[in-house]
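Here, each number is a calculation from the coordinates, and none is a lab measurement. Note that this is a predicted model, so its numbers are computed, not measured. Heads up, the Cβs are rebuilt from the backbone with ideal geometry, glycines too, and the neighbour counts pull from every protein chain shown.
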Amino acid sequence: MSDSLHELWLRGIAFNPAAPCDVLIRLVDPAAGEAGLLICEGRDLPDAVIDAALHHPARGVRRALAGNRHIDPARLAPLATDPSGIVRGRLAGGPHPRPRWVRPLPGDILVTLLTARDGGEDGILTENEIAQELDFSRQIPLSFYRSMAGHDHPKLRERAAWRWQSLTAAQRRALLHDPDPAVQKAAQKSSWELDPEGVESALPSIGSLSKSHVLGTCALSPALVEQCFADGTVHPLTWNRHTPADAIARLTRHPEAKVRAMVAARPDLRADQVAELREDPDEGVRIRARLHPFPRTWAEYWAILRVIGHGPDCTCPITELDTEPSPDWFAACAASEERVLRRVAASWPGLPAEVVETLAQDEDEEVRIRLACHHPLAPPHLLLDVFVTRPVHRPHLLTLPALPRTGLAHLIGHPDPEVRALAAADPALTEAPLEDSDESVCRAAAANPSLTPEALEALLANSRTAEGAAANPSLPVPRMHALLDHCLTNTATPPPAEHRKTTPT
């Protein structure tokens with residue numbers, strides 16, 4: 001067999017679900033090249049292989065393991081104190097490309113990364129740079145953020161002060177009187193956010209990219225509000241909970257429909273303002289105004305705002321809400337005649353099974369798509385339907401265990417090769433489509449576990465099917481070792497069985 005097939009065999013064995021520990025550990029060898037990094041980063045691994053990678057002398061191997069999204073994050077705890085800052089930084093940054101839903105890191109790992117005194121022996125990253133990676137990784141659950149204000153470690157209480165408006169009044173008072181000077185200083189430095197005059201004086205020194213955030217979240221003085229109307233920067237005021245009532249009244253009659261639409265779903269509108277906006281000449285404004293009285297709280301407002309207007313191909317990150325509305329509120333949204341509110345309900349993973357069943361048959365396609373992508377109880381047939389009809393959601397749906405992997409024979413002739421590739425791996429197929437015009441379909445067909453070891457031999461010798469055949473769980477373990485012997489030590493590969501079959505059965 002040609003040496004040009006080596007890389008394909010190595011990649012295939014790396015993702016073979018039947019490859020035992022001794023095979024996978026052999027792949028974590030410098031001679032295996034990229035394959036060793038692929039198994040550390042791209043698949044679930046047995047404990048013995050994880051241990052081998054955790055203590056591997058090559059930094060690149062440990063770094064690849066740090067970005068693995070398939071392994072229980074608790075198993076990666078040793079990497080939080082890895083000698084290399086590059087490894088720590090990768091653990092803090094999470095997997096790349098970042099999936100829509102990121103599994104949070106356990107609290108002990110978060111504490112270790114956020115309270116480190118150095119960035120590692122290699123000196124490439126600082127501890128602050130590693131902490132910044134963690135801040136943007138979506139690996140910190142909201143429960144951890146809420147616990148920081150009362151944490152024993154002063155460095156975490158200091159970080160809690162940076163999220164001033166997410167704290168309770170009691171927590172803010174405690175941090176302002178914290179026994180640690182650094183925590184006190186951080187609290188005093190953040191307290192301006194809820195002081196209208198402090199915001200007004202601080203704004204000129206804030207960079208242009210952050211001004212919108214300040215105007216949309218902080219307490220505003222009358223002078224600053226007037227300045228926003230004068231220079232046309234009122235958009236952030238529409239979602240700022242601190243915007244004064246007189247400014248809200250002006251925003252409801254703003255000449256820009258976009259501004260009126262943004263303010264129309266605020267939970268603090270008066271009944272007469274809602275009534276007026278429901279008669280607005282712009283349809284988008286009327287739609288948002290019709291959502292009342294559902295956004296009665298700011299938590300409900302944000303639950304609506306992160307759904308409305310996104311469209312069926314939205315691939316925004318799937319994250320927690322800072323404050324979650326009640327289950328009863330989501331249930332009411334699910335029963336609403338307003339499709340926007342049913343979309344909001346479908347985006348909440350806590351819906352009970354009977355409501356999920358109802359929304360899975362909703363007449364609105366976006367409701368069904370959101371349910372498929374967000375809810376763990378979404379029916380398999382719905383996941384498959386969205387996979388077939390909405391290509392943009394396929395990477396996320398492929399991570400969901402409920403996506404059907406059998407009963408797909410009817411999709412073998414589908415015009416989209418990604419759909420045919422999913423079907424080609426169905427072990428119930430009577431014949432795998434090994435001659436498909438698309439290589440990804442051939443590769444998936446060659447990995448179909450219905451193929452016999454004898455049939456795999458011919459496929460291992462073909463560049464279109466070699467990787468899939470090496471990934472096939474029907475490939476005998478001795479054959480895996482023989483292929484590794486040939487690739488890693490350049491010894492001759494034992495010839496296949498003399499009386500092998502050359503076509504799949």
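With only Cα atoms counted, the range 315-382 has Rg and Dmax values of 10.9, 32 Å. The distance from the alpha carbon centre of the range 419-457 to that of the range 157-175 is 57 Å, rounded to a whole number. Only one of the values [x] 71, 51, 38; [y] 88, 56, 38; [z] 68, 57, 46 was calculated from this structure for Cα extents along the principal axes in Å; name its label. Correct label, based on the coordinates given: [y]. Taking label points 7 Å from Cα along the Cα-to-Cβ direction, ARG394 and LYS185 give a separation of 5.4 nm.
Adding -39500 (n - 2.57) for every DSSP H run of four residues or longer, then dividing by how many residues the chain holds, sets the calculated 222 nm ellipticity at -13500 deg cm²/dmol.
To the nearest 0.05, what FRET efficiency results for SER437 and HIS70 with a Förster distance of 30 Å applied to their C-beta separation? Don't skip to the answer; put the middle values down first.
Values: r = 31 Å, r/R0 = 1.05.
Efficiency at R0 = 30 Å is approximately 0.45.
Taking a Cβ cut-off of under 14 Å around SER437, the surrounding Lys, Arg, Asp and Glu residues balance to a net charge of -3, with basic ones at +1 and acidic ones at -1. If you add up the charges near VAL259, with Lys and Arg at +1 and Asp and Glu at -1, over every other residue whose beta carbon is less than 11 angstrom from its beta carbon, what do you get? Result for the neighbourhood of VAL259: +2.
Take the chain, mark every one of the GluC sites (Glu not before Pro) that falls in a DSSP loop and has at most 16 other Cβ within 10 Å, then report the longest stretch left between them, sites excluded. Please list the in-between numbers first.
Numbers: sites that count: GLU121, GLU256, GLU279, GLU320, GLU337, GLU338, GLU363, GLU431, GLU435, GLU498.
Counting only loop sites that pass the neighbour cut-off, the longest clear stretch is 122-255.
Under the shape rule built on the C-alpha gyration tensor, where the axes satisfy a ≥ b ≥ c, the range 252-397 is prolate, since a/c reaches at least 1.5 and a/b is greater than b/c.
So what's the net charge close to LEU91: Lys and Arg +1, Asp and Glu -1, counting the other residues with Cβ under 10 Å from its Cβ? With Lys, Arg at +1 and Asp, Glu at -1, the net is +2. Strictly over 31 Å apart at the Cα level, which of LYS185/LYS211; LYS189/LYS258; LYS211/LYS258 would you flag in this model? Over 31 Å apart, Cα to Cα: LYS189/LYS258. Bridgeable aspartates and glutamates around LYS155 (alpha carbons under 13 Å apart, same-chain partners fewer than 8 residues away excluded): GLU127, ASP178, ASP180. For the chain, the Cβ-based charge dipole about the Cα centre amounts to some 780 debye (Lys, Arg positive; Asp, Glu negative; other atoms uncharged).
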